Amino acid sequence: MAARAPAEPIAENIQVARAEAPEASLTPARLSEDPDRVQLFPPRAGSNPCSARLARAIPRRPGNAAPASAILASLGNGSGSGRDDALVAEAMRGNVPDHVRALQPVRFTGAVGGRETEIVICVTPDYLAVGSNADHVRVPLGLPAALRVADGLDMMLPTTRMVDAIYAQAALRLSPRPMTPGPQMSSTDYFLRHDATLDAQMAQAGGRHGVLLAGHKKDLVLANRLSANRGRVAIYGWHRGNGDPIQPLSTVHGEYYADYSHGIRLVSRTAYVDGRPVDLRGLLTDSVYAALLNSDGPLSSATVRLASL
């Protein structure tokens, strides 16, 4: 079994705070709904609407599933689609820690028809990790692999505006911890070392897995720019303490590229509008509601197809 990589020294501040959600003005629109979802996921008054049922597509972790240290030791220090395929297989068989299933609400509010309206999305509290509760590692993936996981687990990737809102509403914010750039950024050793650094930051802050955590990685995101830049991956985020992201929206890298700084945040396809469950894809393609959830307007049909393999 491979030894856990040593953490990088911690010199950055850690923020523990909760901020107000971004607000935007909305006007009424007809939403596309799946009636089955309305029956399956009724909101519960006074509670987190992001119930465990929204994560039902994540299989129960098998009793013989390997811990992360064993999985990564078997993969060596390479990168690319071979490593991605192995990590996707682990995630799809349910070899993820329990907190991945503990979806957390992120709220958006705006005036609709003269009254306040709330949209709630349900997100994983941290980035995708494989392994057990005691031995797991956050895993960066290229875009094709990330989309396979999201689609197989009835999830989506976030938009840039969702990433901003997650940071604004996070219960625990970790300051970015960049590592020395170079070709080694995509190595397994690098993302193991970075993961150990993040765990040390959490421990220093008294944080625990399952609370909404942000600021520690860049996100793979959905953006209309992907439709015009086929074969690329869109990345965004890694917010500083002032709320500004280190990484503006970028499609510079090829779709299979992944390095230690990338994370896969998953968002349930079920969202809530004033407590009413709807298909998030319907909101993101709606000419009005998409403005609240996505910085470049409604997702195009090509982007939606990308998000729904």
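Descriptive notes on the structure:
- Verdict on D85 being in contact (Cβ under 8 Å) with a residue 40 or more places away in the chain, acidic (D, E) and over 30 Å from Y289 (Cα atoms): yes
- So P277, is it surrounded by fewer than 17 Cβ atoms within 10 Å (Cβ to Cβ), in a strand (DSSP E or B) and either in contact with a strand residue (DSSP E or B) (Cβ under 9 Å, 6 or more places away or on another chain) or of a type in the set (D, E, K, R) (or both): no
- Each residue in region 101-152 was checked for being surrounded by fewer than 17 Cβ atoms within 10 Å (Cβ to Cβ) and basic (K, R), and 2 pass.
- Among the conditions (1) in contact with a strand residue (DSSP E or B) (Cβ under 8 Å, 6 or more places away or on another chain); (2) modelled with pLDDT of 95 or more, A70 misses just one, which is (1).
- For region 161-176, filtering for residues that are among the hydroxyl-bearing types (S, T, Y) and surrounded by 20 or more Cβ atoms within 10 Å (Cβ to Cβ) leaves 1.
- Filter result (assigned to a loop (DSSP other than H, G, I, E, B) and hydroxyl-bearing (S, T, Y)) within region 104-146: T124, Y127, S132
- Every residue from region 124-142 that is touching a helix residue (DSSP H, G or I) at 6+ places or on another chain (Cβ under 6 Å), among the hydrophobic types (A, V, I, L, M, F, W, C) and more than 12 Å from V96 (Cβ to Cβ): L141
- Exclusive hit being modelled with pLDDT of 95 or more, closer than 26 Å to L75 by Cβ and surrounded by 24 or more Cβ atoms within 10 Å (Cβ to Cβ), set M155, M179: M155
- Whichever residue in region 266-303 is over 17 Å from the mean Cα position of the chain (by Cα) and of a type in the set (V, I, T) and, among such residues, is nearest to E118 (Cα to Cα): V273
- The condition (being at pLDDT below 95 and aliphatic (A, V, I, L, M)) is satisfied by just one residue among A214, A200, A205: A205.
- Within region 139-164, residues that are within 19 Å of Y260 (Cβ to Cβ) and in contact (Cβ under 8 Å) with a residue 60 or more places away in the chain sit with their Cβ atoms under 6 Å from residues that are of a type in the set (D, E) and not in a loop (DSSP other than H, G, I, E, B), at 6+ positions apart or across chains, in these pairs: L141/D84; G142/D84; A145/D84; V163/D219.
The values are calculated or read from the model by the stated rules, or taken from the named source; none is laboratory data. From a predicted model like this one, the values you see are computed outputs, not experimental measurements. We place every Cβ from the backbone using ideal geometry, glycine too, and count neighbours over all the protein chains shown.
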